[in-house]
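A.B. asks: Pasting a structure below so you can have a look.
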Amino acid sequence: MLVACGAWLVGLGFYFIVLRPPLLPEDVRFLGTTIDSLRSSLPGLERWLSKVFTVMGGFMAGAGVLTVFIARTAIPFRMRGTGLVVAFTGVLTVALMSAANFVLQSDFKWILLGPPLLWFSALLSYMSGSKPVLPGQAVDGG
């Protein structure tokens, strides 16, 4: 489950870097203005936002790569502190993004509720698992 969350973050990062327009209709709606008004009063806004979203997308994708790495390395060995790291990472990435999209009344808020729920399920699954194993020891107990 956590690998899927990490892959989703990588994909979302790609979307923000390559595909996301600087302003979505919901952005303009939240600001209570029109796209034409924004363009005339802040002519460089869209160019600036595309750079901001490139940086943000890079951080999303990077967090996704690290999440996949943790899921494939630390989770199987149940390394000390892994549950706490997974919990904080989920709160700071997918849960915070989902909450912000609800505050913004995003058109995608219900879709964006899925990743934190999957992350929470992965965390619960991890926390209910067996005792830690040492690196180099077989995960199946053999």
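A.B. asks: Of a type in the set (Ser, Thr, Tyr), touching a helix residue (DSSP H, G or I) at 6+ places or on another chain (Cβ under 9 Å) and closer than 20 Å to Thr93 by Cα: is that true of Thr33 in this structure?
C.D. replies: On the way: of a type in the set (Ser, Thr, Tyr): yes; touching a helix residue (DSSP H, G or I) at 6+ places or on another chain (Cβ under 9 Å): yes; closer than 20 Å to Thr93 by Cα: no.
Against the criterion (of a type in the set (Ser, Thr, Tyr), touching a helix residue (DSSP H, G or I) at 6+ places or on another chain (Cβ under 9 Å) and closer than 20 Å to Thr93 by Cα), Thr33 does not qualify.
A.B. asks: Can you pull out the residues in segment 94-119 that are polar (S, T, N, Q) and exposed (fewer than 14 other Cβ atoms within 10 Å of the Cβ)? Before the answer, list the steps.
C.D. replies: Kept after step one, since they are polar (S, T, N, Q), are these residues of segment 94-119: 98, 101, 105-106.
Selection gives Gln105 alone.
A.B. asks: Any residue that is β-branched (Val, Ile, Thr), surrounded by 14 or more Cβ atoms within 10 Å (Cβ to Cβ) and in contact (Cβ under 8 Å) with a residue 24 or more places away in the chain - is there at least one of those in segment 28-49?
C.D. replies: Scanning segment 28-49, I find no residue that is β-branched (Val, Ile, Thr), surrounded by 14 or more Cβ atoms within 10 Å (Cβ to Cβ) and in contact (Cβ under 8 Å) with a residue 24 or more places away in the chain, so the answer is no.
A.B. asks: Residue under question is Gly57, and the condition is that it be more than 23 Å from Ser121 (Cβ to Cβ), buried (at least 16 other Cβ atoms within 10 Å of the Cβ) and modelled with pLDDT of 95 or more; does it hold?
C.D. replies: Numbers: more than 23 Å from Ser121 (Cβ to Cβ): yes; buried (at least 16 other Cβ atoms within 10 Å of the Cβ): yes; modelled with pLDDT of 95 or more: yes.
Considered against the rule, which asks whether it is more than 23 Å from Ser121 (Cβ to Cβ), buried (at least 16 other Cβ atoms within 10 Å of the Cβ) and modelled with pLDDT of 95 or more, Gly57 comes out as yes.
A.B. asks: Here is a further query. Whether any residue in segment 41-53 is at pLDDT 95 or above, more than 24 Å from Ser125 (Cα to Cα) and within 15 Å of the chain's Cα centre (by Cα) is what I want to check.
C.D. replies: yes
A.B. asks: Pairs under 7 Å by beta carbon, first residue touching a residue at least 60 places away in the same chain (Cβ under 8 Å) in segment 97-118, partner not in a helix (DSSP H, G or I), six or more apart or different chains?
C.D. replies: Filtered contacts from segment 97-118: Leu118/Met1.
A.B. asks: Right, here's the next one. Checking the condition of a type in the set (Phe, Trp, Tyr) and out of contact with any Gly (no Cβ under 9 Å at 6 or more places or on another chain), which residue from Phe16, Phe69, Phe30, Phe59 passes?
C.D. replies: Values: Phe16 fails: out of contact with any Gly (no Cβ under 9 Å at 6 or more places or on another chain); Phe69 fails: out of contact with any Gly (no Cβ under 9 Å at 6 or more places or on another chain); Phe59 fails: out of contact with any Gly (no Cβ under 9 Å at 6 or more places or on another chain).
Going through Phe16, Phe69, Phe30, Phe59 in turn, just one is of a type in the set (Phe, Trp, Tyr) and out of contact with any Gly (no Cβ under 9 Å at 6 or more places or on another chain): Phe30.
The values are calculated or read from the model by the stated rules, or taken from the named source; none is laboratory data. Computed from a predicted model, the values in this text were never measured in an experiment. Counting neighbours? That spans all protein chains shown, and the Cβs are built from the backbone with ideal geometry, glycine included.
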